[in-house]
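Student: Take a look at the following structure, please.
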Protein chains: 2
Amino acid sequence: MKKVLLATEKPFAAPAVTGIRKVFSDAGYELSVLEKYTGQEPLIQAVKVVNAMIIRSDVIDRNVIEQAPNLKIVVRAGAGYDNIDLNACTEKGVVAMNTPGQNSNAVAELLFGMMLYTARKQFNGDSGTELREKSIGIHGFGWVGRYVAAIAKGFGMKIHAYDPYVDATVFEKEGVTGHKDLQSLYESCQFITLHIPLTDTTKESVNYSLLSKMPKGATLINTARKEVISESSLLQMFEERNDFTYLADVQPDCAQKIAILYPGRYLFTPKKMGAQTEEANNNAGIAAAKQIVNFFEKGDVSCKVN
Amino acid sequence: MKKVLLATEKPFAAPAVTGIRKVFSDAGYELSVLEKYTGQEPLIQAVKVVNAMIIRSDVIDRNVIEQAPNLKIVVRAGAGYDNIDLNACTEKGVVAMNTPGQNSNAVAELLFGMMLYTARKQFNGDSGTELREKSIGIHGFGWVGRYVAAIAKGFGMKIHAYDPYVDATVFEKEGVTGHKDLQSLYESCQFITLHIPLTDTTKESVNYSLLSKMPKGATLINTARKEVISESSLLQMFEERNDFTYLADVQPDCAQKIAILYPGRYLFTPKKMGAQTEEANNNAGIAAAKQIVNFFEKGDVSCKVN
C-alpha cells in the first residue's frame, strides 16, 4: 500500500483536505497528515516511511530528501516550486511536480477586479469608463492568459496576445489577434496584462521602449512578478504620461514614490494575492493528489519540473 | 432646415458634443447648443424656434412645452425621463423619447466590479473566492440583464434568469437557464442581481420569502432602485444568515445600521453611479441625435415613451 504524506505548515482549508483524502482512499493509498508543524524535525520524522508527499510552501531541502529513502514523488500544490531542492530530488531519483493552471483563474479574476475598480473610480460615485470595445494585450499566453482572454471576451474587449511559444492557430481558435513582436502588441493595446515568468531574459524586459508605445489611456497590469518591469521606465512613464496607470499584484519597490507623486493612477495589493482563493487552493491540493495517483498507476510525469 | 437644440444644464463631455454635431451636420440640420444655463429663462428663449431638442436631466415642464410652438420631439439622453411632463407633450403633439440601453453595459460592468472587489476581500491581500462555476440569477432580463449574461459567460458562471416578459427562446439563445417563477430562481443562485424597474408591483417585492431561499454564500446585488427591496427583510437576512452579503448602487435607508452591525458583508456606492461612464453619456447623446434624424426622415418612433 502506497504511503502519502500531506505536509502543510500552513494547512489547507477543510474541504481541500477532504477532497485529497477521497482521492487517496479511492486509490487505496494510505494518507498521513502533518499540519502546523514547527521546525524541520516533525517533517524529517514523517518522511521516513512515505512514498509520496504533497506540500505547499514547505521547504523540501536536501536534508529532507535524504531522510526519505522510499520517496518517489513530491508535489507542490501550487505554481511556484523554488521551495524544493530540485537537484537533490533528481540525484535521489525523486520526481518533483507542481500543479500548473490550478490558480490561473484566480489570477485572471483578480486583474479584472482591479481593472473595473480603477475604471469606476474606486466606487467613489464619480463617472468612470468602460472596458467594452477597449483593446487588451495579453503578454504571455499561458494558463492565466487564456483565462484572461475568456473573461475579456465576455466584456466585449478586443483581445490581442503575444507569446513566442504559442502557435498562431491557438490564437485564431481563441478569437485572439496574435502579434509576432512585442512592439506591435504594445502599440495596439490600451490595456496590457503581463503573464510571463521571471527569468534572466524577462527581468526588467517591460521597459520604456515598449510602454511608451501604448496608446492613450495606457494601463499596465502586472500580476506576474514585480521584477519583470523596469522600475525606472515605470517612473518615466508616470512622469511623461498623465494618462498612464499601473495596477499591480504586488507593489513595486518604488511604490511609495508613485503613491506620493501620482495619486489615483495606481493600485497595488499589500501582498501577493492573485493565486489566493479557496477554489485555487482546493483545486491545487486535489490536483496534486490526482497527479500522485496517476504517477504511480500510469507513470504520468506530465507535470514534472526536474 | 430642421432646427435642433441641445439643452444641457450639465453639459456633455466634448467628444459627445462632437459626435452629436456630426450626426446633425450629416443630416443637414441646424444645431444650437445651450449649456450650463441658470434658471428656466434661457431655455424658454432657446426653445421658441426649434423643432427638436436633446436634454439630459433638464426639466421640461408644461411651461417649456407651451413656449415651443414648432417642437415635434424631445429626447432625454439617458434612461429615466421623469424630468419631462409627458402629458403636456402629448397634448401639444410632441413626441417624448429616452435612449434605452445606452448605459446598460456601464451598469453591468459596475456590478461585476463590485462582485470581484468583494470576493477578493477589497484587495486587502487575504484569500478570497472566485466567480467561475458559481450560479448567478438575473432578475429582470432587459438591456442590463443581457449584458450581465454576456459578461457572466466569460467568467464561466452558471447563468439563470427570470423575466415574465421574455420568451423562453431568448433565454435558450443566450445560453441562460430560464425560470418560470422567482422562488425557483432564488433557490438556484448564490448570486442574484436585480434589473427590474420600480413600479407599484415591484416595490419591496424582493423580500424575505425570496431571499431566505438563496443557497450558502448568498449575495444580493442591487443596481436597480433601492425601493424594490424590503429593507426589513434585508435586515432579517443579515441577522439570520452570516453568509449573506449585499452589494448596492446605491445605499439603502438602513445603510448605517448594516455598516455598524455587519462589517465586511456589504458594499454601497456613495451615490448612484451605475450609468455614469464617459461611454454611456457619449452613447446616449449620439443615440438621441440619431433618433431625432430617424424620427424626421423615417417616422421612427420606436423609443417613444408618451
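Bear in mind that the values in this text are calculations on the coordinates, not laboratory data. Computed from a predicted structure; not experimentally measured. Don't worry about glycine lacking a Cβ; one is built from the backbone with ideal geometry, like all the others, and counts go over all protein chains shown.
Student: Check B:ALA88, B:ALA68 and return the single one that is more than 27 Å from the chain's Cα centre (by Cα) and farther than 30 Å from B:THR269 by Cα.
Tutor: On inspection, the qualifying residue turns out to be B:ALA68.
Student: Return yes when A:GLY217 is within 14 Å of chain B (Cβ to nearest Cβ), in contact with a strand residue (DSSP E or B) (Cβ under 9 Å, 6 or more places away or on another chain) and either small (Gly, Ala, Ser) or at negative phi (or both) and no when it is not.
Tutor: So A:GLY217 fits the description; yes.
Student: Further question: Looking at region B:108-155, which of its residues are more than 9 Å from chain A (Cβ to nearest Cβ), farther than 21 Å from B:ARG225 by Cβ and aromatic (Phe, Trp, Tyr)?
Tutor: none
Student: Could you identify the single residue in A:ALA152, A:ALA168 that is touching a strand residue (DSSP E or B) at 6+ places or on another chain (Cβ under 9 Å) and buried (at least 21 other Cβ atoms within 10 Å of the Cβ)?
Tutor: Numbers: A:ALA168 fails: buried (at least 21 other Cβ atoms within 10 Å of the Cβ).
None of the others qualify; the one that does is A:ALA152.
Student: Checking B:ASN306 against (1) in contact with a helix residue (DSSP H, G or I) (Cβ under 7 Å, 6 or more places away or on another chain); (2) within 12 Å of another protein chain (Cβ to nearest Cβ), only one condition comes out false. Which one?
Tutor: (2)
Student: Pick from region A:102-128 the residues that are surrounded by fewer than 18 Cβ atoms within 10 Å (Cβ to Cβ) and not in a helix (DSSP H, G or I): which of them is nearest to the chain's Cα centre (by Cα)?
Tutor: A:ASN124
Student: Mind checking which strands (runs of 3 or more DSSP E) fall wholly inside region A:1-77 and carry at least 3 residues that are of a type outside the set (Val, Ile, Thr) and touching a strand residue (DSSP E or B) at 6+ places or on another chain (Cβ under 7 Å)?
Tutor: Output list reads A:3-8, A:30-35.
Student: Checking A:ALA259 against (1) crowded, with 16+ Cβ neighbours inside 10 Å; (2) free of Cβ contacts under 8 Å to residues at least 24 places away in the same chain; (3) not hydroxyl-bearing (Ser, Thr, Tyr), which single condition isn't satisfied?
Tutor: All conditions are met except number (1).
Student: Here is a list of conditions, (1) in a loop (DSSP other than H, G, I, E, B); (2) under 29 Å from A:THR99 (Cα atoms), and A:ILE286 meets all of them except one; can you say which number that is?
Tutor: (1)
Student: A further question follows. Given the residues A:SER230, A:SER188, A:SER212, which is the only one that is away from chain B (no Cβ under 14 Å), surrounded by fewer than 18 Cβ atoms within 10 Å (Cβ to Cβ) and small (Gly, Ala, Ser)?
Tutor: A:SER212
Student: Return a yes/no flag: does region A:75-91 have any residue that is within 14 Å of chain B (Cβ to nearest Cβ), out of contact with any helix residue (DSSP H, G or I) (no Cβ under 8 Å at 6 or more places or on another chain) and at negative phi.
Tutor: No, region A:75-91 contains no residue that is within 14 Å of chain B (Cβ to nearest Cβ), out of contact with any helix residue (DSSP H, G or I) (no Cβ under 8 Å at 6 or more places or on another chain) and at negative phi.
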